[in-house]
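For reference, the structure is listed below as structure tokens.
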Amino acid sequence: MGNMLGIQLDKAGEMPLRRQIYQAMRDRMLSGLLKAGEPLPSTRELSADLQVARSTVCEAYEMLIAEGFAVSSQGAPTRVAEGLSLETVPGCPARRTTESRQSCKADFRTGSPDLRHFPRYLWQQTLNRALDEIKVEKYGYTGAQGLPELRYEIAAWLFRSRGLIVDAEDIFITQGATHALHLAADLICRDRPKILMEDPCHTGMLRTLMNKECKVVPVPVDEHGIRTEMPDADAGAVYVTPSHQFPLGGILPASRRAALIRYARDHDAYLIEDDYDSEFRYCGEPVTPLHALDPRRVIYVGTFSKSVYPALRIGYVILPQTLHKQWIRLRTHTDVQNPVIEQAALAVFLRTRKLDRHIKKMRRIYGERRRALLAELERTFGGGWRAYGDDAGLHLAVEFPNLCFDDAFRKSAAERGILITPVEYHCIDKGRHRDKLLIGYGHLDPDEIRSGIGLLYEHVRDYFRQEKKGL
């Protein structure tokens with residue numbers, strides 16, 4: 001431990017001491033703590049101060065000199081080189097090593113599966129099996145469409161889980177739903193920059209389209225999903241979540257599905273169907289995708305982020321044949337393809353029905369948690385609230401009439417350690433859903449749900465009492 005330059009060494013760490021000394025002195029030169037032309041301590045002095053071998057300090061100094069951070073001449077001390085100081089940019093706070101953050105007491109954020117139940121040992125076995133089975137030529141570039149074995153297994157899985165008949169040649173592997181939307185927007189917005197979008201919608205998907213300079217035209221949503229009185233706009237596509245609308249949770253009725261198909265045909269447009277969590281439905285079978293009504297007009301987007309785990313980064317699209325060549329060309333000149341080992345492992349996971357069994361297990365667990373959430377809302381808040389949406393998914397939209405959940409409410413909740421999102425946060429046109437909260441529950445066990453709802457009730461009561469709005 002040294003005091004001469006304030007250098008702290010981790011002598012039990014894996015980084016060599018000479019590099020620790022080099023990095024510490026380099027950082028002090030760049031930050032201006034060691035000024036240009038300033039002499040450095042002699043190697044004998046610094047080694048004694050740091051209680052390390054002199055040769056170690058000599059090696060650190062040699063690295064500094066070799067990279068131009070220090071200069072040395074015969075018979076003179078080693079000095080700091082000129083022109084090194086990197087001043088802090090005005091308005092940019094210095095990097096903090098520690099961050100004061102309110103401890104989280106209740107996390108009701110949406111979109112989080114419970115990874116504690118993911119069968120890690122089975123997945124490890126699956127990865128090992130995939131490594132054993134994959135041929136050496138697959139370690140090269142396997143193509144922008146994705147591993148054929150995985151595309152075939154996804155087609156088989158869609159048939160047995162949703163009754164969807166799909167040709168594996170129409171399936172293209174992506175790095176998740178957001179990546180799929182990036183590519184779809186590049187194809188569609190190039191010639192027709194307007195896209196109709198559900199309102200409210202997933203803010204992340206909205207920002208993806210806006211970052212692509214698509215002009216987003218909001219279409220109102222009610223408890224059944226998107227309303228099909230479409231605005232007069234020359235839109236190239238309509239973004240929808242018909243199987244479980246995000247965030248309100250409705251299932252789009254057959255009449256509105258037919259209206260969307262008619263709109264796409266009449267306006268030579270595409271329907272981007274985001275099927276983000278429909279495998280988790282707790283009353284009846286998963287909803288048949290919109291894609292089944294007209295594969296020529298629907299770009300179906302699926303993901304394994306919730307059924308497997310988010311960091312897997314594997315999703316897929318089912319593309320109309322008219323878009324195949326453009327998609328392959330675009331993917332080839334962006335990131336080429338997904339990593340092959342994870343694709344091969346997921347193919348095995350599907351082929352051996354391990355994913356089917358995992359989804360069945362998690363459907364039961366999430367269903368129990370949804371029931372626990374509804375029961376605790378009833379017990380804690382009493383009457384006067386209303387749950388929106390179908391009996392599905394990993395979150396619940398709840399209406400509390402006469403209350404207004406704005407960004408100030410969200411921030412005040414976060415200050416008390418309650419992470420929760422108002423529906424208004426996901427609205428394009430503000431003002432229609434101020435009385436609704438989104439409560440994510442998939443990643444919470446029943447005890448965490450009950451504790452969190454108790455804290456939420458106390459905060460709602462205190463917040464609106466303070467605001468003189470009443471509960």
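In terms of other Cβ atoms within 10 Å, Val298, Val166, Val336 run from fewest to most in the order Val336, Val166, Val298.
Rounded to the nearest 10 degrees, the angle from helix 177-188 to the longest Cα principal axis of the chain is 70 degrees.
Once the Cα atoms are used to define both axes, helix 148-162 deviates from the longest principal axis of the chain by about 40 degrees.
DSSP bridge analysis restricted to segment 174-234 gives an antiparallel fraction near 25%, rounded to the nearest 5. Once Rg/Rh (Cα atoms, Kirkwood Rh) is calculated for the structure shown, the corresponding label among [x] 0.97; [y] 1.09; [z] 1.00 turns out to be [y].
For segment 251-350, the square roots of the Cα gyration tensor eigenvalues, ordered a ≥ b ≥ c, give a/c of at least 1.5 with a/b no greater than b/c, which places it in the oblate category. Each residue of segment 380-395 was assigned a 3J(HN,Hα) from its phi angle through the Karplus expression (A = 6.51, B = -1.76, C = 1.60, θ = phi - 60°), giving 8, 8, x, x, x, 10, 9, 8, 9, x, 7, 7, 7, x, 10, 8 Hz with x at Gly and Pro. Could you give log10 I(q)/I(0) at q = 0.11, 0.13, 0.14 Å⁻¹ for segment 118-356, computed by the Debye formula over C-alpha point scatterers of equal weight, without solvent? Results for segment 118-356 at q = 0.11, 0.13, 0.14 Å⁻¹ read -0.55, -0.77, -0.89. Taking the helices alone, the chain has a mean residue ellipticity at 222 nm of -12000 deg cm²/dmol, built from -39,500 (n - 2.57) per DSSP H run of at least 4 residues and averaged over all its residues.
Just so you know, all these numbers are worked out from the coordinates, no wet-lab data involved. Note that this is a predicted model, so its numbers are computed, not measured. Every residue, glycine as well, gets a Cβ built from its backbone with ideal geometry; the counts of neighbours run over all protein chains shown.
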